[in-house]
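Below is one structure, written out as C-alpha coordinates; comments come after it.
The values are calculated or read from the model by the stated rules, or taken from the named source; none is laboratory data. Because the structure is a prediction, the values reported are computed rather than measured. Every residue, glycine among them, receives a Cβ derived from its backbone with ideal geometry; neighbour counts consider all protein chains shown. Ligands, DNA and RNA are stripped out before the accessible areas are found, and what is left, the full protein with its side chains, is counted by its heavy atoms. Shrake-Rupley method; radii C 1.70, N 1.55, O 1.52, S 1.80 Å.
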Amino acid sequence: MPKESPVKYKVRLMISYDGTDFVGWQKQNSDPNTIQGILENVVSTIFNKPTRVIGTSRTDSGVHALCQMAHFECDRDPRSFQLLRALNNMTPFNISIKKAWLAPNDFHALGSKSHKSYRYYILNSDFSDAFKSRYTWWYPKKLSLDWLNEASKSLVGTHDFKSFQSTGSDAKTTVRQITRAHWTLKDGNLLVFSIEGFGFLKQMVRNIVGTLIDSERYGMPTSEIQNIMGKKDRQAAKTTAPAHGLFLAAINFDKNTEAQFQEISS
(Lines give C-alpha, C1' and ligand atoms only; values in the text may rest on other atoms or scores of the structure.)
Protein backbone atom coordinates (compact mmCIF):
# COMPACT_ATOMS: atom_id res chain seq x y z
CA MET A 1 0.00 0.00 0.00
CA PRO A 2 1.24 3.55 -0.72
CA LYS A 3 2.68 5.35 2.27
CA GLU A 4 0.33 8.00 3.65
CA SER A 5 1.52 11.59 3.59
CA PRO A 6 2.18 13.05 7.05
CA VAL A 7 -0.57 15.18 8.51
CA LYS A 8 0.19 18.86 7.97
CA TYR A 9 -0.54 21.55 10.51
CA LYS A 10 -0.52 25.29 9.90
CA VAL A 11 0.43 27.62 12.75
CA ARG A 12 -0.19 31.35 12.99
CA LEU A 13 2.07 33.45 15.22
CA MET A 14 1.79 36.90 16.76
CA ILE A 15 5.28 38.39 17.14
CA SER A 16 6.67 41.59 18.61
CA TYR A 17 10.21 42.82 18.22
CA ASP A 18 12.58 45.70 18.73
CA GLY A 19 13.90 46.21 15.20
CA THR A 20 16.94 48.29 16.20
CA ASP A 21 19.51 45.53 15.84
CA PHE A 22 17.98 43.79 12.82
CA VAL A 23 18.19 44.51 9.08
CA GLY A 24 14.44 44.00 8.75
CA TRP A 25 11.94 41.17 8.64
CA GLN A 26 12.80 39.59 5.30
CA LYS A 27 15.48 36.91 5.15
CA GLN A 28 18.60 37.88 3.20
CA ASN A 29 21.41 35.67 2.02
CA SER A 30 23.93 38.46 2.58
CA ASP A 31 22.91 39.12 6.19
CA PRO A 32 21.53 36.48 8.58
CA ASN A 33 20.41 39.07 11.14
CA THR A 34 16.75 39.22 10.11
CA ILE A 35 13.64 38.39 12.12
CA GLN A 36 12.40 35.93 9.50
CA GLY A 37 15.79 34.19 9.33
CA ILE A 38 16.07 33.82 13.09
CA LEU A 39 12.51 32.49 13.41
CA GLU A 40 13.05 30.00 10.60
CA ASN A 41 16.15 28.66 12.35
CA VAL A 42 14.24 28.31 15.63
CA VAL A 43 11.16 26.66 14.13
CA SER A 44 13.31 24.34 12.01
CA THR A 45 15.17 23.25 15.14
CA ILE A 46 11.98 22.65 17.13
CA PHE A 47 10.38 20.53 14.40
CA ASN A 48 13.65 19.01 13.18
CA LYS A 49 12.89 19.98 9.59
CA PRO A 50 13.72 23.01 7.39
CA THR A 51 10.69 25.27 7.77
CA ARG A 52 9.76 28.54 6.13
CA VAL A 53 8.12 31.27 8.23
CA ILE A 54 6.06 33.75 6.19
CA GLY A 55 5.18 37.17 7.61
CA THR A 56 2.29 39.50 6.80
CA SER A 57 4.40 42.66 6.68
CA ARG A 58 7.99 43.03 5.47
CA THR A 59 9.17 45.64 7.95
CA ASP A 60 12.36 47.51 7.03
CA SER A 61 15.67 47.64 8.86
CA GLY A 62 15.23 49.34 12.23
CA VAL A 63 11.41 49.25 12.21
CA HIS A 64 9.69 47.77 15.28
CA ALA A 65 6.58 45.61 15.64
CA LEU A 66 4.01 45.39 18.39
CA CYS A 67 2.02 42.88 16.38
CA GLN A 68 3.56 41.11 13.40
CA MET A 69 1.72 38.04 12.08
CA ALA A 70 3.32 35.01 10.46
CA HIS A 71 2.61 31.38 9.66
CA PHE A 72 4.47 28.13 9.12
CA GLU A 73 3.58 24.52 8.35
CA CYS A 74 4.66 21.48 10.35
CA ASP A 75 4.08 17.73 10.58
CA ARG A 76 3.93 17.53 14.37
CA ASP A 77 0.79 18.64 16.24
CA PRO A 78 1.80 22.01 17.79
CA ARG A 79 -0.74 21.44 20.58
CA SER A 80 1.11 18.37 21.83
CA PHE A 81 3.82 20.38 23.62
CA GLN A 82 4.51 23.87 24.97
CA LEU A 83 5.13 25.59 21.63
CA LEU A 84 5.12 29.19 22.89
CA ARG A 85 7.55 28.38 25.67
CA ALA A 86 9.86 26.59 23.25
CA LEU A 87 9.79 29.47 20.77
CA ASN A 88 10.47 32.15 23.36
CA ASN A 89 13.22 30.14 25.03
CA MET A 90 15.08 29.94 21.72
CA THR A 91 14.61 33.46 20.34
CA PRO A 92 16.76 36.45 21.41
CA PHE A 93 15.45 38.88 24.04
CA ASN A 94 14.40 41.46 21.42
CA ILE A 95 11.97 39.06 19.70
CA SER A 96 8.88 37.86 21.57
CA ILE A 97 6.23 35.38 20.42
CA LYS A 98 3.02 36.65 22.02
CA LYS A 99 0.44 34.13 20.79
CA ALA A 100 0.06 31.07 18.56
CA TRP A 101 -2.96 29.58 16.84
CA LEU A 102 -3.78 26.49 14.81
CA ALA A 103 -4.81 27.97 11.46
CA PRO A 104 -7.03 26.66 8.65
CA ASN A 105 -5.26 25.13 5.66
CA ASP A 106 -6.23 27.98 3.33
CA PHE A 107 -4.81 30.68 5.61
CA HIS A 108 -1.76 32.56 4.37
CA ALA A 109 -0.11 35.33 6.40
CA LEU A 110 0.78 37.28 3.27
CA GLY A 111 -2.03 36.25 0.95
CA SER A 112 -5.08 36.47 3.24
CA LYS A 113 -6.69 39.92 3.22
CA SER A 114 -5.68 41.93 6.26
CA HIS A 115 -6.21 45.36 7.77
CA LYS A 116 -2.98 46.87 9.12
CA SER A 117 -2.20 49.76 11.38
CA TYR A 118 1.08 51.58 11.96
CA ARG A 119 2.16 54.17 14.51
CA TYR A 120 4.94 56.69 14.11
CA TYR A 121 6.37 58.45 17.16
CA ILE A 122 8.00 61.89 17.14
CA LEU A 123 9.58 63.41 20.24
CA ASN A 124 8.80 67.07 19.62
CA SER A 125 10.92 68.74 22.30
CA ASP A 126 13.90 71.04 22.69
CA PHE A 127 16.11 68.23 23.94
CA SER A 128 16.48 64.56 23.09
CA ASP A 129 15.66 61.78 25.55
CA ALA A 130 18.19 58.99 26.01
CA PHE A 131 15.47 56.52 26.97
CA LYS A 132 13.25 57.29 23.96
CA SER A 133 15.95 57.62 21.29
CA ARG A 134 15.52 54.04 20.01
CA TYR A 135 11.77 54.44 19.48
CA THR A 136 11.11 58.06 18.49
CA TRP A 137 12.28 60.59 15.92
CA TRP A 138 13.56 63.56 17.89
CA TYR A 139 12.42 66.75 16.19
CA PRO A 140 13.19 70.00 18.08
CA LYS A 141 11.17 72.47 15.98
CA LYS A 142 7.65 72.92 17.34
CA LEU A 143 5.10 71.21 15.10
CA SER A 144 1.42 72.11 14.71
CA LEU A 145 -0.92 69.24 15.62
CA ASP A 146 -3.83 71.01 13.90
CA TRP A 147 -1.85 71.45 10.66
CA LEU A 148 -0.74 67.80 10.64
CA ASN A 149 -4.29 66.53 11.15
CA GLU A 150 -5.78 68.79 8.51
CA ALA A 151 -3.13 67.78 5.96
CA SER A 152 -3.54 64.09 6.79
CA LYS A 153 -7.24 64.11 5.91
CA SER A 154 -6.36 63.88 2.20
CA LEU A 155 -4.72 60.48 2.82
CA VAL A 156 -7.97 58.79 3.85
CA GLY A 157 -9.79 56.91 1.11
CA THR A 158 -8.68 54.97 -1.96
CA HIS A 159 -5.85 56.76 -3.75
CA ASP A 160 -2.76 56.21 -5.86
CA PHE A 161 0.15 56.51 -3.41
CA LYS A 162 2.92 56.22 -5.98
CA SER A 163 4.49 59.46 -4.74
CA PHE A 164 5.10 57.78 -1.39
CA GLN A 165 6.51 54.48 -2.70
CA SER A 166 10.27 53.96 -2.47
CA THR A 167 12.16 52.24 -5.27
CA GLY A 168 12.77 48.51 -5.25
CA SER A 169 9.15 47.43 -4.90
CA ASP A 170 7.46 44.66 -6.88
CA ALA A 171 3.92 45.89 -6.12
CA LYS A 172 1.56 45.39 -9.07
CA THR A 173 -0.43 48.51 -8.24
CA THR A 174 0.24 51.62 -6.17
CA VAL A 175 -3.43 52.16 -5.33
CA ARG A 176 -4.21 51.60 -1.65
CA GLN A 177 -7.18 52.15 0.67
CA ILE A 178 -6.45 54.09 3.87
CA THR A 179 -9.18 54.07 6.54
CA ARG A 180 -7.56 56.33 9.16
CA ALA A 181 -4.73 58.88 9.35
CA HIS A 182 -4.64 60.89 12.55
CA TRP A 183 -2.18 62.62 14.90
CA THR A 184 -2.43 62.80 18.69
CA LEU A 185 -0.29 64.48 21.37
CA LYS A 186 0.74 62.54 24.47
CA ASP A 187 2.64 63.66 27.57
CA GLY A 188 3.01 67.16 26.19
CA ASN A 189 5.72 66.45 23.62
CA LEU A 190 5.13 63.03 22.04
CA LEU A 191 3.39 63.21 18.65
CA VAL A 192 1.85 59.93 17.53
CA PHE A 193 0.75 59.36 13.94
CA SER A 194 -1.72 56.48 13.53
CA ILE A 195 -2.46 55.22 10.05
CA GLU A 196 -4.60 52.23 9.09
CA GLY A 197 -5.46 50.57 5.81
CA PHE A 198 -5.60 47.52 3.58
CA GLY A 199 -1.97 47.24 2.56
CA PHE A 200 0.95 49.66 2.30
CA LEU A 201 3.69 50.29 -0.24
CA LYS A 202 7.43 50.08 0.39
CA GLN A 203 8.36 52.72 3.02
CA MET A 204 5.00 54.40 2.40
CA VAL A 205 4.36 55.39 6.02
CA ARG A 206 7.86 56.78 6.56
CA ASN A 207 7.65 58.74 3.30
CA ILE A 208 4.27 60.17 4.28
CA VAL A 209 5.52 61.20 7.74
CA GLY A 210 8.69 62.78 6.36
CA THR A 211 6.73 64.72 3.73
CA LEU A 212 4.17 65.92 6.28
CA ILE A 213 6.88 67.16 8.65
CA ASP A 214 8.85 68.91 5.89
CA SER A 215 5.71 70.53 4.46
CA GLU A 216 4.68 71.86 7.88
CA ARG A 217 8.22 73.04 8.59
CA TYR A 218 8.41 75.12 5.40
CA GLY A 219 4.97 76.65 5.86
CA MET A 220 3.23 74.89 2.97
CA PRO A 221 -0.59 74.86 2.83
CA THR A 222 -2.29 71.71 4.15
CA SER A 223 -3.38 70.95 0.57
CA GLU A 224 0.30 70.27 -0.31
CA ILE A 225 -0.03 66.57 0.59
CA GLN A 226 -2.95 66.16 -1.80
CA ASN A 227 -0.99 67.96 -4.53
CA ILE A 228 2.05 65.71 -4.02
CA MET A 229 -0.11 62.59 -4.06
CA GLY A 230 -1.75 63.73 -7.31
CA LYS A 231 1.61 64.00 -9.08
CA LYS A 232 2.25 60.24 -8.69
CA ASP A 233 5.97 60.92 -8.61
CA ARG A 234 8.32 59.94 -5.78
CA GLN A 235 10.47 62.98 -6.55
CA ALA A 236 7.55 65.23 -5.63
CA ALA A 237 7.54 63.96 -2.04
CA LYS A 238 10.17 64.91 0.48
CA THR A 239 12.12 63.37 3.36
CA THR A 240 11.82 59.75 4.43
CA ALA A 241 11.32 59.69 8.21
CA PRO A 242 13.83 57.58 10.18
CA ALA A 243 12.97 53.90 10.65
CA HIS A 244 13.31 53.82 14.43
CA GLY A 245 10.15 55.87 15.03
CA LEU A 246 7.89 53.40 13.19
CA PHE A 247 5.92 50.54 14.75
CA LEU A 248 3.76 47.93 13.06
CA ALA A 249 0.92 48.21 15.58
CA ALA A 250 -1.77 45.71 14.57
CA ILE A 251 -2.83 43.26 11.87
CA ASN A 252 -6.41 42.03 11.68
CA PHE A 253 -7.84 39.45 9.30
CA ASP A 254 -11.49 39.30 8.25
CA LYS A 255 -14.00 37.94 10.77
CA ASN A 256 -14.63 34.68 8.90
CA THR A 257 -10.91 33.90 8.91
CA GLU A 258 -10.44 34.93 12.54
CA ALA A 259 -13.28 32.63 13.63
CA GLN A 260 -11.37 29.59 12.32
CA PHE A 261 -8.25 30.06 14.46
CA GLN A 262 -7.76 27.88 17.54
CA GLU A 263 -5.44 29.46 20.11
CA ILE A 264 -2.62 27.21 21.28
CA SER A 265 -1.92 27.54 25.01
CA SER A 266 1.64 28.00 26.23
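A few comments on the model shown:
- The modelled label-to-label distance for the pair D31/D75, using points 7 Å beyond Cα in the direction of Cβ, is 3.5 nm.
- Environment charge of S112, counting only residues whose C-beta is closer than 13 Å and scoring Lys/Arg +1, Asp/Glu -1: +2
- Taking a ≥ b ≥ c as the square roots of the eigenvalues of the Cα gyration tensor, region 70-114 is classed as oblate, since a/c reaches at least 1.5 and a/b does not exceed b/c.
- Of the accessible area of the chain, computed with a 1.4 Å probe over protein heavy atoms only, carbon and sulfur atoms account for 48 percent.
- The HN-Hα couplings worked out from phi for region 59-75 by the Karplus form 6.51 cos²θ - 1.76 cosθ + 1.60 (θ = phi - 60°) are 5, 7, 4, x, 7, 9, 9, 8, 8, 8, 10, 8, 9, 8, 10, 8, 8 Hz, whole numbers, x standing for Gly and Pro.
- Charged-residue dipole, Cβ positions (Lys, Arg, Asp, Glu), region 156-257 about Cα centre, Debye nearest 20: 200 debye
- With the cut-off at under 18 Å, measuring from each backbone N in region 189-208 to a point 7 Å along the Cα-to-Cβ line of Q235 picks out no residue.
- Counting only aspartates and glutamates at least 8 places from K232 when in the same chain, those with an alpha carbon closer than 17 Å to its own are D160, D170, E224.
- Shape call, region 105-148: gyration tensor on alpha carbons, a/c limit 1.5: oblate
- Computed 3J(HN,Hα) for region 148-161, one whole-Hz value per residue from the Karplus formula 6.51 cos²θ - 1.76 cosθ + 1.60 where θ = phi - 60°, is 4, 5, 5, 5, 6, 4, 5, 7, 6, x, 9, 9, 8, 9, glycine and proline marked x.
- When the surface is traced with a 1.4 Å probe over the full set of protein chains, I264 keeps roughly 10 Å² accessible.
- Structural descriptor for the chain: relative contact order 24 percent, calculated from alpha carbon pairs under 8 angstrom and at least 6 residues apart.
- Separation between Cα centres of region 14-81 and region 173-228, rounded to whole Å: 28 Å
- Label point 7 Å beyond Cα of K153 along Cβ direction - residues of region 176-193 with amide nitrogen under 19 Å: 178-185, 193
- Summing charges over neighbours of D170, with a neighbour being any other residue whose Cβ is under 13 Å away from its Cβ, gives +3 when K and R count +1 and D and E count -1.
- If R0 is 22 Å, the Cβ-Cβ spacing of K49 and T20 corresponds to a FRET efficiency of close to 0.10.
- Global form of region 120-266, assessed from the alpha-carbon gyration tensor, a/c cut-off 1.5: oblate
- Residues in region 86-219 average 49 Å² of solvent-accessible surface per residue, probe 1.4 Å, ligands and nucleic acids excluded.
- Sum of -39500 (n - 2.57) over DSSP H runs of 4+, divided by residues of the chain (222 nm, nearest 500): -6000 deg cm²/dmol
- Taking 15 Å as the cut-off, the amide N atoms of region 158-186 that come nearer than this to a point 7 Å along the Cα-to-beta-carbon line of Q226 belong to 158-160.
- Set K186/K238; K142/K202; K99/K186; K132/K238; K98/K153 screened for pairs whose C-alpha atoms are more than 31 Å apart: K98/K153
- Gain upon complete extension [R58, D106; 0.36 nm per residue less C-alpha separation]: 15.2 nm
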